[in-house]
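Worksheet: the structure to be examined is printed underneath.
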Amino acid sequence: MEPMLATLADAPLEDPNLVYEPKYDGIRAIVTVTPPAKGEKVAKVAIASRLGNDKTEQFPEVVAALAAWARKRKGVAIFDGEIVAVDGAGKPLGFGSIQPRIHLQRGKDVARVAATQPVALYVFDLLRDGDAEVWKLPLVERRKRLEAALGAAAQDGPLRLSRQVAGDGAALMAEAQAEGWEGLIAKDARSTYRPGKRTADWRKLKLVKRQEFVVGGWTEPRGSRNRFGALLLGLPTAGGKLKYVGHVGGGFSEATLRAVGAKLDALAADASPFEAKIATNDKPHWVRPALVVEVRFGDWTGDGILRHPVFLGVRDDVRAAGVAREEKVPAAPPADADTVAVLEALAALEARGSGRLTLPSGDVLELGNLKKVLWPGLGVTKGELLRYYATIAPWLLPVVRDRPLVMKRLPDGIAGPSFYQHRAPDDVPPGVRSEPVPGDTDVPARLIGGSLTTLLYMAQLAVLSQDPYFSRIQSVSTMDFAAIDLDPMDGAPFSRVLDVARWVRDELEGLGVTAYPKTSGASGLHVYVPLPPRTPYKAGMIFCQIVGELVAKKHPKEATVERMVGRRDDTHVYVDCLQNIEGKTLACAYSARGSAFAGASTPLTWAEVDAGVDPADFTIRTLPARVRERGDLWEPLRTSPGIDLQAALERVQARHGR
């Protein structure tokens, strides 16, 4: 069985649906333990690396511990874990410390090194328990069975149970920072095991930058240095060559210089494997691009070269062809191939009018009335709405992830009646997330955003727009951002909305605040302000009200903060700050809207606001191409650490005496 892999992505440190584990720094191991057959005395243990290479002979103490555990077993067990070097006190060490063990072949050599460098298997998953295929169960159930199976056998010796904390990883992260760990793994407690898949159900929260690279050559040593001076590193390209990313000369001991040097000799080549000519400090020698090494580094330069790289070790459990630059990605964007498959399936279902849609996650949705026209003037059907959301999901899902949603349903389209639904249906399909919102005693459960299954399920219910809370389910009483909603009266042209947006921007810039504009998808604009963690709703609303009142005071003929509609001038733009209340919502970035032109709420640059735009240009039919061309303009807001709210309020006091 191939191991499930984690994605480098952000995750909250407080979430009731997540569990947190140390990111152990060794070699991944899928371990199969077969109890003694009738007439036999010794259990069979097989240790396979991530690539399926046999590592059983290299770790006899782990084998012995598992064999002893299996004496009273009646069925096969398959574990997933990490074999890690440990110090004299039993504490896990880094990857470099296990290097002397993983390439040894002779039992005598293994025993000699094992005497000075012990290891331990940290088990973190149970995939098979006798006849039960446990990998198909949710992680929380697998963990219970794992703890019951190992029991007292997994203590401080060669066999250990991984540490795990549920719901709150802050203390574990603080320990990781203090001890210099590589980081944490955050896992969705509800997720099943997906062999061989890299998925956002498991997320790597790294504290240091490190990854694998392919060796394309080496340089001659200087002075008393033996074997080589530095390794020339690269990343595979589509053309079969390597893209040069720099050289690494630090982190080698005399032993590793000899061991790596021997591997380089075996791979010697006459021609450079790099796609372009590279400059080196010393004479280069080339090798076939088959050797993979792990490197720690400070960062990347603007032209893609490693800063301050340090060699950590050779990786024989990683294929050279599979090495790629590891970059942080949104929590759960579907791969391009998956998106295409979903779009093709939706098109086929729409041709029939209804049917069953199987998603890449394995979730299944029953879809109906796909030919129903939701925007009569344009002929946009429910099927087209579903295809829009499947296309835009990689950018929209991070916006709504973990956020409670309010549903505005239009079962007969924009020309028919609408109604708000707060309560999640009682019989939502598997994969659709619904949960009680803490403190909300009126609604038993709400839909929670973040998955393609939930997004398409809502579209099936004729929920045109995505309207999330300003907070996440795990911290529902504090807001991540505040918003100023610029809502024009019937007699106000959109050019006036743009003017008011510029004035809002100017006031915020004067307070040292960066804000982010987007179209509402209808006739207005939204201006969002990222807030620091744990900002109360009241603080966010007061700040926006101060800005709104400043704009209305300076521009009374164009802008107003008057709440009573009857008291507003028909040409005013209402600067609305009342959405900044817990439980209130606005249509989010990339959401479809029920406007006559099938608008989509579209992030803008301030240069576009200054130049002037037409909101009707941003629709569910045009937005996907714009995002592919311009990128995710909403990402800076999502990833911002938040403004210095205290400093901004002090500037208000200094400038306006408020």
- Note on the structure: Sorted by number, the cysteines in the chain with no other cysteine beta-carbon under 4.7 Å are 588
- Distance in nm between residue 108 and residue 275 label points, each 7 Å along Cα→Cβ, equals 4.9 nm
- Among (1) 26.3; (2) 31.9; (3) 28.1, the value of Kirkwood radius over Cα pairs in Å computed for this structure carries the label (3)
- Query: Taking the alpha-carbon centroid of each part, what is the distance from region 492-517 to region 417-475 in angstrom?
  - Reply: 32 Å
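Just to verify a number: FRET efficiency for residue 605 and residue 647, C-beta to C-beta distance, R0 = 22 Å, to 0.05?
Plugging the Cβ-Cβ distance into 1/(1 + (r/R0)^6) gives 0.30.
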- Task: Compute the FRET efficiency between residue 635 and residue 267 as 1/(1 + (r/R0)^6), taking r as their Cβ-Cβ distance and R0 = 41 Å, and round to the nearest 0.05.
- Result: 0.50
- Message: Tell me whether region 477-658 comes out rounded, prolate or oblate; compute the Cα gyration tensor, take square roots of the eigenvalues as a ≥ b ≥ c, and use a/c under 1.5 as the rounded threshold.
- Response: oblate
- Task: Could you calculate the contour length gain from residue 495 to residue 54, that is, 0.36 nm times the residue separation minus the distance between their Cα atoms, to one decimal place in nm?
- Result: 151.9 nm
- the chain - charge dipole about Cα centre, Lys and Arg +1 at Cβ, Asp and Glu -1, debye rounded to 20: 1640 debye
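Between residue 178 and residue 567, how high is the FRET efficiency from 1/(1 + (r/R0)^6) when r is the Cβ-Cβ distance and R₀ = 51 Å? Nearest 0.05.
On the way: r = 58 Å, r/R0 = 1.14.
My answer for the efficiency is 0.30.
Place the peptides 147-154, 99-106 in order of packing, highest mean first, counting for every residue the other Cβ atoms within 10 Å and averaging per peptide. Mind showing how you got there, number by number?
Values: 147-154: 14.4, 99-106: 16.4.
Ranking, from highest mean packing down: 99-106, 147-154.
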- Item | Burial ranking of peptide ranges 56-62, 11-17, 265-271, 418-424 (average Cβ count within 10 Å, highest at the top) | 56-62, 11-17, 418-424, 265-271
- Query: Going 7 Å from the Cα of residue 76 in the Cα-to-Cβ direction, what parts of region 100-136 have a backbone nitrogen less than 12 Å from that spot?
  - Reply: 128-133
- Note on the structure: TM-like helix rule applied to the chain (DSSP H, alpha carbon span at least 18 Å on the long axis, mean Kyte-Doolittle at least 0.0) gives 254-266, 336-352, 382-400, 537-554
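Since every read-out is calculated from the coordinates, none of them should be taken as a lab result. Keep in mind that this is a model prediction, so the values were computed, not measured. Positions of Cβ are generated from backbone atoms using ideal geometry, with glycine treated the same way; all protein chains shown enter the neighbour counts.
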